[in-house]
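Notes follow once the structure below has been shown.
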Amino acid sequence: MSNESNPAGRTLTLRVLRHNPQDPDSEPRWAQYELEEYEGMTLFIALSEIRDRFEPSLQFDFVCRAGICGSCGMVVNGRPGLACRTLTSTLPAEITLAPLPVFKLIGDLSVDTGAWMRGMSERLETWIHATEPTDLHNLEERMEPELAEQVYELDRCIECGCCVTACGTARMREDFVGAVGLNKIARFRLDPRDHRSDHDLYQLIGDDNGVFGCMSLLGCHDVCPKELSLQTQIAFLRRKMVRVS
Ligand code: SF4
Ligand code: F3S
Ligand code: FES
(Lines give C-alpha, C1' and ligand atoms only; values in the text may rest on other atoms or scores of the structure.)
(Ligands and ions follow the chains in the order given, each with its own letter.)
Protein backbone atom coordinates (compact mmCIF):
# COMPACT_ATOMS: atom_id res chain seq x y z
CA MET A 1 0.00 0.00 0.00
CA SER A 2 1.26 3.48 -0.74
CA ASN A 3 1.14 6.22 1.86
CA GLU A 4 3.01 9.46 2.59
CA SER A 5 5.79 7.94 4.70
CA ASN A 6 6.35 4.92 2.49
CA PRO A 7 5.71 5.93 -1.09
CA ALA A 8 7.07 2.68 -2.57
CA GLY A 9 4.24 1.21 -4.59
CA ARG A 10 2.98 4.53 -5.90
CA THR A 11 2.42 5.10 -9.57
CA LEU A 12 4.40 8.13 -10.63
CA THR A 13 3.35 10.47 -13.40
CA LEU A 14 6.32 12.23 -14.92
CA ARG A 15 5.66 15.18 -17.20
CA VAL A 16 8.76 16.03 -19.19
CA LEU A 17 9.20 19.20 -21.25
CA ARG A 18 10.43 17.98 -24.62
CA HIS A 19 11.89 19.98 -27.49
CA ASN A 20 14.60 19.44 -30.04
CA PRO A 21 15.94 22.85 -31.12
CA GLN A 22 17.90 21.14 -33.93
CA ASP A 23 14.65 20.08 -35.57
CA PRO A 24 12.82 23.01 -37.23
CA ASP A 25 9.52 21.13 -36.90
CA SER A 26 9.89 20.56 -33.17
CA GLU A 27 7.63 22.54 -30.83
CA PRO A 28 8.09 22.49 -27.04
CA ARG A 29 5.55 20.09 -25.57
CA TRP A 30 4.84 18.18 -22.38
CA ALA A 31 5.17 14.42 -22.66
CA GLN A 32 3.70 12.26 -19.94
CA TYR A 33 4.97 8.90 -18.69
CA GLU A 34 3.74 6.60 -15.94
CA LEU A 35 6.06 4.44 -13.87
CA GLU A 36 5.74 2.17 -10.87
CA GLU A 37 7.89 3.59 -8.10
CA TYR A 38 10.14 1.42 -6.00
CA GLU A 39 12.28 2.08 -2.99
CA GLY A 40 15.49 3.96 -3.66
CA MET A 41 14.31 5.22 -7.07
CA THR A 42 16.00 8.44 -8.12
CA LEU A 43 15.05 10.70 -10.99
CA PHE A 44 18.04 9.31 -12.85
CA ILE A 45 16.62 5.79 -12.52
CA ALA A 46 13.14 6.98 -13.49
CA LEU A 47 14.41 8.77 -16.61
CA SER A 48 16.57 5.81 -17.60
CA GLU A 49 13.55 3.56 -17.29
CA ILE A 50 11.48 5.91 -19.45
CA ARG A 51 14.21 5.94 -22.07
CA ASP A 52 14.62 2.16 -22.00
CA ARG A 53 10.94 1.30 -22.03
CA PHE A 54 9.07 4.08 -23.82
CA GLU A 55 11.14 6.82 -25.37
CA PRO A 56 14.65 6.01 -26.68
CA SER A 57 15.05 9.54 -28.04
CA LEU A 58 14.64 11.24 -24.65
CA GLN A 59 17.68 13.43 -23.97
CA PHE A 60 19.13 14.04 -20.51
CA ASP A 61 22.66 14.16 -19.09
CA PHE A 62 24.30 12.00 -16.44
CA VAL A 63 27.89 11.02 -15.84
CA CYS A 64 28.71 10.24 -12.21
CA ARG A 65 25.25 9.58 -10.71
CA ALA A 66 26.77 10.63 -7.40
CA GLY A 67 26.36 14.41 -7.21
CA ILE A 68 29.93 15.03 -8.35
CA CYS A 69 30.01 15.86 -12.07
CA GLY A 70 27.24 18.49 -12.06
CA SER A 71 25.78 17.36 -15.39
CA CYS A 72 22.27 16.29 -14.31
CA GLY A 73 20.83 19.62 -13.18
CA MET A 74 17.20 20.15 -14.19
CA VAL A 75 14.10 21.91 -12.92
CA VAL A 76 12.15 19.49 -10.76
CA ASN A 77 8.65 20.64 -9.87
CA GLY A 78 9.78 24.23 -10.41
CA ARG A 79 13.01 23.98 -8.42
CA PRO A 80 16.51 23.42 -9.83
CA GLY A 81 18.24 20.34 -8.50
CA LEU A 82 20.37 17.33 -9.34
CA ALA A 83 18.34 14.48 -10.79
CA CYS A 84 20.82 11.81 -9.70
CA ARG A 85 20.54 12.90 -6.05
CA THR A 86 16.78 13.35 -5.99
CA LEU A 87 14.83 10.41 -4.63
CA THR A 88 11.35 10.18 -6.08
CA SER A 89 10.11 9.38 -2.55
CA THR A 90 10.84 13.02 -1.63
CA LEU A 91 8.46 14.25 -4.36
CA PRO A 92 4.72 14.07 -4.91
CA ALA A 93 3.47 11.39 -7.29
CA GLU A 94 3.15 13.97 -10.08
CA ILE A 95 6.55 15.23 -11.13
CA THR A 96 7.34 17.83 -13.77
CA LEU A 97 10.82 17.99 -15.27
CA ALA A 98 12.12 20.84 -17.41
CA PRO A 99 15.60 21.82 -18.63
CA LEU A 100 17.56 24.47 -16.76
CA PRO A 101 16.78 27.85 -18.32
CA VAL A 102 19.58 30.42 -18.95
CA PHE A 103 21.75 27.72 -20.58
CA LYS A 104 21.64 26.72 -24.24
CA LEU A 105 19.17 23.90 -24.79
CA ILE A 106 20.64 20.84 -26.47
CA GLY A 107 17.40 18.86 -26.38
CA ASP A 108 14.70 17.87 -23.87
CA LEU A 109 16.39 17.97 -20.43
CA SER A 110 19.93 18.34 -21.75
CA VAL A 111 21.53 21.81 -21.65
CA ASP A 112 25.02 23.13 -22.38
CA THR A 113 26.21 24.45 -19.03
CA GLY A 114 29.82 24.03 -20.21
CA ALA A 115 29.80 26.98 -22.63
CA TRP A 116 28.30 29.28 -19.96
CA MET A 117 30.78 28.11 -17.30
CA ARG A 118 33.69 28.49 -19.69
CA GLY A 119 32.68 32.07 -20.57
CA MET A 120 32.34 32.95 -16.90
CA SER A 121 35.67 31.26 -16.06
CA GLU A 122 37.49 33.12 -18.82
CA ARG A 123 36.06 36.47 -17.71
CA LEU A 124 37.08 35.82 -14.10
CA GLU A 125 40.32 33.97 -14.97
CA THR A 126 39.47 31.17 -12.59
CA TRP A 127 42.87 29.57 -12.51
CA ILE A 128 45.82 30.06 -10.19
CA HIS A 129 47.99 32.95 -11.30
CA ALA A 130 51.25 31.71 -9.80
CA THR A 131 54.21 34.05 -9.49
CA GLU A 132 56.58 31.37 -10.77
CA PRO A 133 55.88 28.04 -12.43
CA THR A 134 56.09 25.13 -10.00
CA ASP A 135 58.25 22.10 -10.69
CA LEU A 136 60.35 19.60 -8.72
CA HIS A 137 62.84 22.31 -7.75
CA ASN A 138 60.34 25.03 -7.11
CA LEU A 139 57.58 23.52 -5.04
CA GLU A 140 54.21 25.05 -4.27
CA GLU A 141 54.03 27.29 -1.26
CA ARG A 142 52.89 25.35 1.80
CA MET A 143 49.42 26.04 3.10
CA GLU A 144 48.16 25.67 6.66
CA PRO A 145 45.63 22.80 6.91
CA GLU A 146 42.92 25.18 8.16
CA LEU A 147 43.38 27.40 5.13
CA ALA A 148 43.50 24.41 2.77
CA GLU A 149 40.21 23.30 4.33
CA GLN A 150 38.63 26.70 3.66
CA VAL A 151 39.78 26.64 0.02
CA TYR A 152 38.58 23.07 -0.35
CA GLU A 153 35.17 23.98 1.06
CA LEU A 154 34.60 26.57 -1.70
CA ASP A 155 36.12 24.22 -4.29
CA ARG A 156 33.28 21.77 -3.72
CA CYS A 157 31.27 23.65 -6.36
CA ILE A 158 30.45 21.20 -9.17
CA GLU A 159 29.36 23.87 -11.69
CA CYS A 160 25.92 22.31 -11.99
CA GLY A 161 24.30 25.65 -12.85
CA CYS A 162 21.43 25.34 -10.36
CA CYS A 163 22.37 28.65 -8.70
CA VAL A 164 22.38 30.40 -12.08
CA THR A 165 18.95 29.08 -12.96
CA ALA A 166 17.55 30.19 -9.60
CA CYS A 167 18.89 33.74 -9.99
CA GLY A 168 16.74 36.58 -11.32
CA THR A 169 19.79 38.64 -12.28
CA ALA A 170 21.28 35.79 -14.32
CA ARG A 171 18.05 35.63 -16.30
CA MET A 172 18.24 39.35 -17.11
CA ARG A 173 21.98 39.80 -17.62
CA GLU A 174 23.69 37.47 -20.06
CA ASP A 175 27.18 38.15 -18.66
CA PHE A 176 26.30 38.07 -14.96
CA VAL A 177 28.82 35.74 -13.33
CA GLY A 178 26.27 34.32 -10.90
CA ALA A 179 26.84 32.94 -7.43
CA VAL A 180 29.08 30.29 -8.98
CA GLY A 181 31.43 33.02 -10.26
CA LEU A 182 31.34 35.07 -7.08
CA ASN A 183 32.13 31.93 -5.10
CA LYS A 184 35.18 31.38 -7.31
CA ILE A 185 36.50 34.87 -6.59
CA ALA A 186 36.05 34.19 -2.87
CA ARG A 187 37.98 30.94 -3.37
CA PHE A 188 40.94 32.48 -5.28
CA ARG A 189 41.12 35.32 -2.77
CA LEU A 190 41.95 32.75 -0.10
CA ASP A 191 44.56 30.87 -2.13
CA PRO A 192 48.13 31.93 -1.24
CA ARG A 193 49.46 30.34 -4.45
CA ASP A 194 47.62 33.02 -6.49
CA HIS A 195 49.59 36.26 -6.66
CA ARG A 196 46.59 38.41 -7.59
CA SER A 197 45.80 41.00 -4.94
CA ASP A 198 42.32 41.48 -3.48
CA HIS A 199 42.15 44.63 -5.59
CA ASP A 200 42.93 42.67 -8.80
CA LEU A 201 40.26 40.11 -8.00
CA TYR A 202 37.64 42.67 -7.00
CA GLN A 203 38.20 44.50 -10.29
CA LEU A 204 36.88 41.39 -12.04
CA ILE A 205 33.53 41.55 -10.23
CA GLY A 206 33.23 45.29 -9.56
CA ASP A 207 30.32 45.99 -11.90
CA ASP A 208 26.73 45.01 -12.62
CA ASN A 209 27.85 41.70 -14.10
CA GLY A 210 29.52 40.95 -10.79
CA VAL A 211 28.76 41.69 -7.19
CA PHE A 212 26.82 44.90 -7.88
CA GLY A 213 24.39 43.05 -10.16
CA CYS A 214 23.48 40.69 -7.34
CA MET A 215 20.17 41.76 -5.81
CA SER A 216 20.50 39.44 -2.79
CA LEU A 217 17.66 37.29 -4.05
CA LEU A 218 19.34 34.25 -2.46
CA GLY A 219 17.69 31.69 -4.72
CA CYS A 220 21.25 30.54 -5.37
CA HIS A 221 21.83 29.79 -1.71
CA ASP A 222 18.52 27.95 -1.37
CA VAL A 223 19.09 25.54 -4.26
CA CYS A 224 22.84 24.83 -4.21
CA PRO A 225 22.99 21.03 -3.99
CA LYS A 226 26.43 21.21 -2.36
CA GLU A 227 25.06 23.57 0.30
CA LEU A 228 27.84 26.08 -0.24
CA SER A 229 27.73 29.18 1.93
CA LEU A 230 26.86 31.39 -1.04
CA GLN A 231 24.96 33.95 1.03
CA THR A 232 27.98 34.44 3.32
CA GLN A 233 30.47 34.63 0.45
CA ILE A 234 28.43 37.17 -1.51
CA ALA A 235 27.78 39.34 1.57
CA PHE A 236 31.51 39.24 2.40
CA LEU A 237 32.54 40.28 -1.11
CA ARG A 238 29.98 43.08 -1.18
CA ARG A 239 31.21 44.50 2.12
CA LYS A 240 34.81 44.37 0.89
CA MET A 241 33.92 45.96 -2.44
CA VAL A 242 32.04 48.83 -0.81
CA ARG A 243 35.15 49.58 1.25
CA VAL A 244 37.42 49.41 -1.81
CA SER A 245 35.21 51.62 -4.02
FE1 SF4 B 1 26.01 24.26 -8.41
FE2 SF4 B 1 26.29 25.34 -5.96
FE3 SF4 B 1 28.29 25.48 -7.71
FE4 SF4 B 1 26.09 26.91 -8.10
S5 SF4 B 1 27.55 27.15 -6.43
S6 SF4 B 1 27.16 25.76 -9.66
S7 SF4 B 1 24.51 25.55 -7.33
S8 SF4 B 1 27.43 23.63 -6.82
FE1 F3S C 1 21.29 35.90 -7.73
FE2 F3S C 1 22.07 34.75 -5.54
FE3 F3S C 1 22.51 37.31 -5.92
S4 F3S C 1 20.15 34.42 -6.56
S5 F3S C 1 20.78 37.94 -7.13
S6 F3S C 1 23.39 35.66 -7.11
S7 F3S C 1 22.01 36.33 -3.99
FE1 FES D 1 26.85 13.70 -11.88
FE2 FES D 1 24.28 13.96 -11.22
S3 FES D 1 25.12 12.64 -12.71
S4 FES D 1 25.94 15.15 -10.53
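What's the extension gain from ASP52 to LYS240 if we count 0.36 nm per residue and subtract their Cα-Cα distance?
Taking 0.36 nm per residue and subtracting the Cα distance, the gain is 62.5 nm.
Find the relative contact order for the chain and round it to a whole percent, using C-alpha pairs within less than 8 Å whose residues are 6+ positions apart.
In percent, rounded to a whole number, it is 17.
Compute the distance from the alpha-carbon center of segment 52-67 to that of segment 123-167, in whole Å.
31 Å
Starting from the Cα gyration tensor of segment 1-112, take the square roots of the eigenvalues, sort them a ≥ b ≥ c, and report rounded, prolate or oblate (rounded when a/c is under 1.5, otherwise prolate if a/b is larger than b/c, else oblate).
On the way: a/c = 1.97, a/b = 1.50, b/c = 1.31.
Note, shape of segment 1-112 comes out prolate.
First check a/c for segment 49-101, with a ≥ b ≥ c the square roots of the eigenvalues of its C-alpha gyration tensor; if it is under 1.5, answer rounded, and if not, answer prolate when a/b is larger than b/c or oblate otherwise.
rounded
Report the gain in length on full extension from MET143 to ASP222: 0.36 nm times residue separation, minus Cα-Cα distance, nm rounded to one decimal. Let's see the in-between values first.
On the way: separation 79, 0.36 × 79 = 28.44 nm, distance 3.13 nm.
Once the chain is fully extended between MET143 and ASP222, it gains 25.3 nm.
Could you give each residue of segment 169-181 its phi-based ³J(HN,Hα) in whole Hz, using Karplus coefficients 6.51, -1.76, 1.60 with θ = phi - 60°, and x for Gly or Pro?
5, 4, 6, 8, 10, 4, 9, 5, 7, x, 4, 4, x
Sort segment 119-245 into rounded, prolate or oblate with this rule: let a ≥ b ≥ c be the square roots of the eigenvalues of the Cα gyration tensor; rounded if a/c is under 1.5, and if a/c is not under 1.5, prolate when a/b is larger than b/c, oblate otherwise. Before the final figure, lay out the partial values.
Working: a/c = 1.94, a/b = 1.61, b/c = 1.21.
Prolate is the answer for segment 119-245, as a/c is 1.5 or above and a/b outweighs b/c.
For a quick check: with amide H placed at 1.01 Å from N, whose amide H comes under 5 Å from ARG196's, ignoring anything fewer than 5 positions away on the same chain?
Close amide H contacts, sequence-distant or interchain: HIS129.
State which stretch of the chain is the longest one without any exposed GluC sites (Glu not before Pro), exposure meaning a DSSP loop state and at most 14 other Cβ atoms within 10 Å. Working shown, then result.
Working: sites that count: GLU4, GLU39, GLU140, GLU141, GLU174, GLU227.
Result, exposed sites excluded: 40-139.
In whole percent, what relative contact order does segment 1-131 give with Cα contacts below 8 Å and a gap of six or more residues?
Reported as a whole number, the value is 26 percent.
Quick check: Cα centre of segment 74-114 to Cα centre of segment 19-46, how many Å?
So the separation of the two Cα centres works out to 10 Å.
How much area per residue is accessible in the chain when the probe is 1.4 Å and only protein heavy atoms are counted (Å²)?
Value for the chain: 54 Å² per residue.
Using only the heavy atoms of the protein chains and a 1.4 Å probe, how would TYR152, TYR38, TYR202 rank by accessible area, largest first?
TYR152, TYR38, TYR202
Less than 11 Å Cβ to Cβ from LEU58, Lys/Arg counted +1 and Asp/Glu -1: what total charge do the surrounding residues give?
Net local charge, LEU58 excluded: -1.
Restricting to DSSP H runs of at least four residues, report the calculated mean residue ellipticity at 222 nm for the chain, -39500 (n - 2.57) per run over all residues, nearest 500 deg cm²/dmol.
After summing the helix terms and dividing by residue count, I get -9500 deg cm²/dmol.
Can you give the Rg to Rh ratio of the chain, both from alpha-carbon atoms, with Rh computed by the Kirkwood formula?
Using only Cα positions, Rg/Rh for the chain is 1.04.
With the full set of protein chains in place, find how many percent of the accessible area of the chain is carbon and sulfur; take the probe as 1.4 Å.
Working: 6520 of 13330 Å².
Roughly 49 percent, rounded to a whole number.
Please report, in whole Å, how far the alpha carbons of segment 187-245 spread along each principal axis, starting with the longest.
32, 25, 17
So, in nm, how far is label HIS129 from label GLN231 when the simple model puts each one 7 Å beyond its Cα toward the Cβ?
Inter-label distance under the simple model: 3.2 nm.
The values are calculated or read from the model by the stated rules, or taken from the named source; none is laboratory data. What you see is a predicted model, and the numbers here were worked out from it, not measured in a lab. Using ideal geometry, Cβ is built from the backbone for each residue, glycine included, and neighbour counts are taken over all protein chains shown. SASA here: full protein model, heavy atoms, side chains in, ligands and nucleic acids out. Shrake-Rupley method; radii C 1.70, N 1.55, O 1.52, S 1.80 Å.
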